[in-house]
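The values are calculated or read from the model by the stated rules, or taken from the named source; none is laboratory data. Being a predicted model, the structure only gives us computed values, none of them experimental. Ideal geometry is used to build each Cβ from the backbone, glycine not excepted, and the neighbour counts take in all protein chains shown. SASA here: full protein model, heavy atoms, side chains in, ligands and nucleic acids out. Shrake-Rupley method; radii C 1.70, N 1.55, O 1.52, S 1.80 Å.
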Amino acid sequence: MSETALSEATMLASLRDIRLPPDAAGGVLAELALSAGMAALAAFCVVALLRLLSVQRSRDRSAHSNEASPDMSEWTQARRRVALLHQLRHQDAARYAALKGDLYRPDGGPNLHQLEEEVARRV
């Protein structure tokens with residue numbers, strides 16, 4: 001250590017200049033390789049994260065779609081009607097589109113018994 005104190009500007013300038021010396025092994029080529037490697041690692045991490053999120057989402061979708069018919073005996077009529085409409089939308093979009101206009105009728109929409117029969121026929 002030296003006996004003289006360094007000024008703040010000198011210390012900050014010396015911190016900015018921390019680099020490999022030009023005559024070091026690899027030199028500029030080593031710095032470029034390191035930069036490319038860090039960029040590739042960052043891209044790999046982003047892709048892996050996106051892949052993990054998309055696989056989880058598709059796994060959730062497939063688990064829900066493979067479930068043929070959950071036990072709806074304890075559900076309310078409104079909840080059963082909504083679940084059956086979702087199943088019908090996936091099975092027969094044209095029939096769902098025909099029923100869609102009746103969803104907001106004052107008497108509660110399509111008949112629950114008819115919906116159960118239609119979904120059972122299409123399974």
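Take L15: with every protein chain present and a 1.4 Å probe, its accessible area is about 110 Å². Distance between the 7 Å Cα→Cβ label points at M11 and D23: 3.1 nm.
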